[in-house]
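Below: the structure, in structure tokens.
The values are calculated or read from the model by the stated rules, or taken from the named source; none is laboratory data. Keep in mind that this is a model prediction, so the values were computed, not measured. Don't worry about glycine lacking a Cβ; one is built from the backbone with ideal geometry, like all the others, and counts go over all protein chains shown.
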Amino acid sequence: MSDKYDVVVIGAGPAGYVAAIRAAQLGLSTACVEQWLDDKGKVRLGGTCLNVGCIPSKALLDSSHKFAEARDHLGVHGISVKGASIDVPAMLARKNKIVDQLTGGISGLFKHNGVTAISGTGKVLSGARVEVTDKDGKVQVLAAGNVIIAAGSLPVHIPPAPIDNDYIIDSTGALELTEVPRRLGVIGAGVIGLELGSVWGRLGSEVVVLEALDDFLPMMDVQIAKEAAKIFKKQGLDIRLGARVTGAKVKKGTVEVTYSVGGVEQVEVFDKLIVAVGRKPRSQELFATDSGVTLDERGYIFVNDYCETEAPHIFAVGDVVRGPMLAHKGSEEGIMVAERIAGKKAQMNYDCIPSVIYTHPEVAAVGRTEQELKADGVPYKVGLFPFAASGRALAANDSDGVVKMLAHAENDRILGCHIVGPSAADLVQQVVIAMEFGSSAEDLALTVFGHPTLSEAVHEAALAVDGHAIHVANRKKKN
Ligand code: FAD
Ligand code: AMP
């Protein structure tokens, strides 16, 4: 037995590193075990989010958006850009620099807060002990007052399209393509497939997205998903629904993909194929058989609302447990657990977690969808405001999309907000805050919004809930 800590965290992604920092802030002696190594063999913090997820994908989305703006959309402002070109290695280098800066930043925060980073692979033993095996095979066992498992998730791989990291790649490979594929196939029209398809589509790839389901973005509000599909189609993204991929073969420097639509087999040939069919919890080889931790039927670590596993003093947070696989969800769980270990009465509001697709325009949501409210028989009111009626959106030449606000028909409490449109991620956050404070649609309607801002679209949608929108014709007139 070597060192003893109040808290040992396994995994330094946004769930684990945040939990570790908060625990240390609260005066608990804390270690964070991470297996990821950089190319010099040193521990690499930040997990999927910083290294191969949220941050690098957003860096490429921003670069590719700027390129597409310069190539296609500045003429309307009277700006002519001739011969805009993209230097892909330079774009990747910028992305890598941001990733390095942020992962290095976590090391700095660990030092500042007194978190000990331990390089190696962690395994939970009985009695809240953690076995750590480093890259040279050296094993140490840490005694922990409490263990927080934050081992994250891995991309799902499917037998019809085995990853070869050359022609058939997963989301990690799609962040490293060194040239723009002429034709790019994407399996899966989920968040990751749409974002990565957008990056390479903007840079010039002809992108075809193959999605097995018949509905587009089924977890989204149907009206917003339909509006988003319309906009993406207008942008030239070829999204084929009801298209189940059944095989992918590399042939003469291309990938031949077979897929079935309504039982009819079809074939497409691509230069590269991105497999983006979801992620699975990384819950294998994490526990000794007598650790007391259990998994649910889908392989997630079983936890209650406080992220407590079935074993005393062992918690699990982030992608490795139920709920949306989102960085901020894991971080908040990490904070909650650290605070509860320190004796505070923290809890999470799982009804108020925003989710975003960082396409352009963005798609963002919080709370319940109209179809969920209908299914549950909850009486509701709808307020809609199109960005086409927003002065600021028009000024920016960015007026596709709509804000949809849902409020309870009787008590006016905001139940959900769904946006496709410019800066939807930041706009929906305003409603997240309002919902967190138990706001009614009228509370938002009575709030003063600066003019001209995109936020005014949120204000108008709140006004529209009771038929009071000013800058658009109301569906129902009210007093
Ligand atoms: P992870 O970030 O996966 O971190 C887990 C860490 O644990 C890893 O570093 C891993 O090496 C380590 N680990 C695992 N097992 C062990 C072990 N036994 N011992 C030691 N260490 C171990 N989410 C958003 O909210 N917004 C976005 O815009 C967004 N974009 C994304 C884009 C892409 C391309 C991808 C792939 C994901 C994206 N996500 C996004 C999802 C987000 O990255 C995850 O939800 C988030 O990283 C989960 O955090 P986590 O800490 O639970 O796990
Ligand atoms: P997400 O889980 O949001 O990242 O989305 C992944 C998407 O991939 C889901 O919508 C799945 O329906 C889709 N998918 C999974 N397997 C296949 C397949 N074989 N062919 C086409 N789409 C698939």
Which members of segment 336-345 meet the condition of being touching a helix residue (DSSP H, G or I) at 6+ places or on another chain (Cβ under 6 Å) and either loosely packed, with under 12 Cβ neighbours inside 10 Å or not assigned by TED's automatic domain parsing to the domain that holds ASN304 (or both)? none
Do you know which residues across segment 276-293 are more than 9 Å from ligand 1 (Cβ to nearest atom) and more than 25 Å from the chain's Cα centre (by Cα)? PHE287, ALA288, THR289, ASP290, SER291, GLY292, VAL293
Determine whether VAL261 is surrounded by fewer than 17 Cβ atoms within 10 Å (Cβ to Cβ), within 16 Å of ligand 2 (Cβ to nearest atom), more than 19 Å from ASP170 (Cβ to Cβ) and free of Cβ contacts under 8 Å to residues at least 12 places away in the same chain. no
Scan segment 398-407 and tell me whether some residue there is more than 27 Å from the chain's Cα centre (by Cα) and among the aliphatic types (A, V, I, L, M). no
Out of the residues in segment 117-151 that are more than 14 Å from ligand 1 (Cβ to nearest atom) and among the polar types (S, T, N, Q), state the one that is farthest from LEU286 (Cα to Cα). ASN146
Could you go through segment 277-292 and let me know if any residue there is of a type in the set (Ser, Thr, Tyr), in contact with a helix residue (DSSP H, G or I) (Cβ under 6 Å, 6 or more places away or on another chain) and crowded, with 21+ Cβ neighbours inside 10 Å. yes
Looking at VAL337, is it in a helix (DSSP H, G or I) and touching a residue at least 12 places away in the same chain (Cβ under 8 Å)? yes
So which pairs qualify, if the first residue must be in segment 212-231 and within 16 Å of ligand 1 (Cβ to nearest atom), the second must be part of a helix (DSSP H, G or I), the Cβ gap must be under 7 Å, and the two must be at least 6 apart or on different chains? LEU217/ALA225; LEU217/ALA228
Being under 19 Å from VAL356 (Cα atoms) and aliphatic (A, V, I, L, M) is the filter here, so list the residues in segment 184-208 that pass it. ALA189, VAL191, ILE192, LEU194, LEU196, VAL199
Return the total of residues in segment 180-237 being under 14 Å from ALA276 (Cβ atoms) and of a type outside the set (D, E, K, R). 25
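Yes or no: VAL317 among the hydrophobic types (A, V, I, L, M, F, W, C), crowded, with 19+ Cβ neighbours inside 10 Å and at pLDDT 95 or above?
So VAL317 fits the description; yes.
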From the list VAL303, VAL245, which one is crowded, with 22+ Cβ neighbours inside 10 Å, within 14 Å of ligand 2 (Cβ to nearest atom) and of a type outside the set (Gly, Ala, Ser)? VAL245
Residues that are surrounded by fewer than 21 Cβ atoms within 10 Å (Cβ to Cβ) and assigned to a loop (DSSP other than H, G, I, E, B), drawn from segment 41-76: GLY41, LYS42, LEU74
Mind checking whether some residue in segment 187-207 is touching a Pro at 6+ places or on another chain (Cβ under 8 Å), crowded, with 19+ Cβ neighbours inside 10 Å, under 30 Å from VAL43 (Cβ atoms) and not assigned by TED's automatic domain parsing to the domain that holds HIS328? no
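For (1) hydrophobic (A, V, I, L, M, F, W, C); (2) free of Cβ contacts under 8 Å to residues at least 40 places away in the same chain, each residue gets a yes or a no:
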site: ARG368; (1), (2): no, no
site: LEU384; (1), (2): yes, no
site: ILE414; (1), (2): yes, no
site: VAL431; (1), (2): yes, no
site: ALA434; (1), (2): yes, yes
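Which residue out of ALA151, ALA117 is in contact with a Phe, Trp or Tyr (Cβ under 7 Å, 6 or more places away or on another chain), touching a residue at least 12 places away in the same chain (Cβ under 8 Å) and among the small types (Gly, Ala, Ser)?
Details: ALA151 fails: in contact with a Phe, Trp or Tyr (Cβ under 7 Å, 6 or more places away or on another chain).
Answer to the check: ALA117.
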Being more than 16 Å from ligand 2 (Cβ to nearest atom) and aliphatic (A, V, I, L, M) is the filter here, so list the residues in segment 321-359 that pass it. VAL321, ILE335, MET336, VAL337, ALA338, ILE341, ALA342, ALA346, MET348
Counting only residues that are closer than 14 Å to SER57 by Cβ and either within 14 Å of ligand 2 (Cβ to nearest atom) or basic (Lys, Arg) (or both), how many does segment 173-197 have? 10
Consider segment 10-40. How many of its residues are within 24 Å of SER283 (Cα to Cα) and either assigned to a helix (DSSP H, G or I) or not polar (S, T, N, Q) (or both)? 21
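Criterion first (more than 30 Å from HIS77 (Cα to Cα), under 24 Å from the mean Cα position of the chain (by Cα) and assigned to a strand (DSSP E or B)) does ALA365 satisfy it?
yes
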Exactly one of ASN113, ASN96 is assigned by TED's automatic domain parsing to the domain that holds ARG44 and within 20 Å of ALA15 (Cβ to Cβ), and that one is ASN113
Hey, among TYR358, TYR380, which residue is among the hydroxyl-bearing types (Ser, Thr, Tyr), surrounded by 17 or more Cβ atoms within 10 Å (Cβ to Cβ) and within 12 Å of ligand 1 (Cβ to nearest atom)? TYR358
With the requirement that a residue be charged (D, E, K, R) and more than 13 Å from GLY204 (Cβ to Cβ), what does segment 60-85 give you? ASP62, LYS66, GLU69, LYS82
Can you tell me which residue within segment 152-185, out of those that are of a type in the set (A, V, I, L, M) and within 12 Å of ligand 1 (Cβ to nearest atom), is surrounded by the most Cβ atoms within 10 Å (Cβ to Cβ)? ALA174
